[in-house]
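Report on one structure; see the data block that follows.
The values are calculated or read from the model by the stated rules, or taken from the named source; none is laboratory data. Note that the coordinates shown come from a computational prediction; the quantities given were computed from them, not determined experimentally. Glycine also receives a Cβ, built like all others from the backbone with ideal geometry; neighbour counts cover every protein chain displayed. For accessibility, only protein heavy atoms count, side chains too; no ligands or nucleic acids. Shrake-Rupley method; radii C 1.70, N 1.55, O 1.52, S 1.80 Å.
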Amino acid sequence: MSAPLYELTDHDRAVYEWQMWVADFGEAGQRKLKAASVLVSRVGGVGGTVAYFLAAAGVGRLVLAHAGPIRENDLNRQLLMTHDAVGTLRVESAAKRLRELNPRLELETVPENVTEQNVARLVASADLVADCAPLFSERLLMNREAVRQRKPLIESAMYELEAQLTTVIPGQTPCLACLYPTEPPAWKRQFPVFGAVAGTIGSLAAMEAIKVLAGFGEPLAGRLLIGNLRDMTFRTVRISKNPSCSVCGH
Ligand SMILES: [Zn+2]
């Protein structure tokens, strides 16, 4: 009989040795990551960092969704993109970089952003969703579908030097629509951003995903992390379900 997929190989044990020293993660946690799949919505400054650290940590399968070609003004923050790939599809450049890091990673690339038409299929394709889209319209769609399909959702967002992060566990925690019932009217597609801020929130989001998938630590379930990198203050506030939320309310 062939070994189940989540058995670790000698190669896995070598590559992931140092993280398996984390006592409440260990080999059991590594097996869970290997069996897991994550949808990363947009692989720009935030999502590219999420995808990189999930690939590095040994998550078995990633689905990368992002439309369009790399532009020069992506390069200050989108770590998976390179100068020589400007003009080519972002998801293809991202996949190439991730395969260089982890050739065993299973990858699906979708050269589309989240829409009403593809959101159900995209969410169904993974165990967990890392939502790194800059637009609230995409985020609210993703939130609605993740809650409907009962998939955990890591919501990471940033603006200028500010970062926000929370983890939605459907049926247990507030959802994004509890916090933002509708799209904030002033929100714009393009905003001021340093790569280091996007990378910070992406790193934190990747750690949240790893914790949720492997079942250890305390994710930001029902809590919102608010970080300000201008003065380096980080705080966590409790958030509540909106009983009349159109997505998760009764
Ligand atoms: Zn809600």
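General observations
- Once the Kirkwood radius over Cα pairs is known for region 52-111, the Stokes-Einstein relation at 20 °C and 1.002 mPa s delivers a diffusion coefficient of 184 µm²/s.
- Extension gain, residue 89 back to residue 108 (0.36 nm per residue minus Cα-Cα distance, nm): 5.5 nm
- Carbon plus sulfur fraction of accessible area for the chain, probe 1.4 Å, in percent: 55 percent
- Per-bin percent of Cα-Cα distances, the chain [10 Å]: 7, 32, 37, 19, 3, 0
- Residue among 223, 71, 42 with the largest mean-square fluctuation in a Gaussian network model of the chain, springs linking Cα atoms under 10 Å: 71
- Relative contact order %, region 94-206, counting alpha carbon pairs below 8 Å whose residues are six or more apart: 22 percent
- With a Cα cut-off of under 16 Å and a minimum spacing of 8 residues unless on different chains, the lysine pairs in the chain number 4.
- Rounded to the nearest 20 debye, dipole of the chain from Cβ charges on Lys, Arg, Asp, Glu: 440 debye
- On a per residue basis, the chain carries 49 Å² of accessible surface, using protein heavy atoms and a 1.4 Å probe.
- Using the rule -39500 (n - 2.57) for each DSSP H run of four or more residues, divided by the residues of the chain, the 222 nm mean residue ellipticity is -10000 deg cm²/dmol.
- Computed over region 112-240, Cα set: Rg, Dmax in Å: 14.0, 41
- Only Cα pairs under 8 Å and 6+ residues apart enter the sum, and on that basis the relative contact order of the chain stands at 19 percent.
- Highest-MSF residue in the chain out of 33, 165, 135 [GNM, Cα springs under 10 Å]: 135
- Label-point separation, residue 233 to residue 13 (7 Å along Cα→Cβ), nm: 4.9 nm
- Farthest positive-ward along the chain dipole, Cα basis, beta-carbon charges - from 120, 101, 51: 120
- When both bridge partners sit in the chain, DSSP labels roughly 50% of those beta bridges antiparallel.
- Using the Karplus relation 6.51 cos²θ - 1.76 cosθ + 1.60 with θ = phi - 60°, the per-residue 3J(HN,Hα) values for region 121-137 come to 5, 5, 5, 5, 7, 9, 7, 8, 10, 9, 8, 10, 7, x, 9, 5, 4 Hz, with x marking Gly and Pro.
- A Gaussian network model of the chain, with springs between Cα atoms under 10 Å, assigns the largest mean-square fluctuation among 129, 40, 147 to 147.
- Euclidean distance of C-alpha centroids, region 75-119 and region 127-175, integer Å: 20 Å
- Here the spin labels are modelled as points 7 Å beyond Cα on the Cα-Cβ line, and at residue 100 and residue 67 they lie 2.8 nm apart.
- Computed from backbone phi with θ = phi - 60° and the Karplus coefficients 6.51, -1.76 and 1.60, the 3J(HN,Hα) list for region 88-95 is 9, 5, 4, 5, 6, 4, 4, 4 Hz; x is used for glycine and proline.
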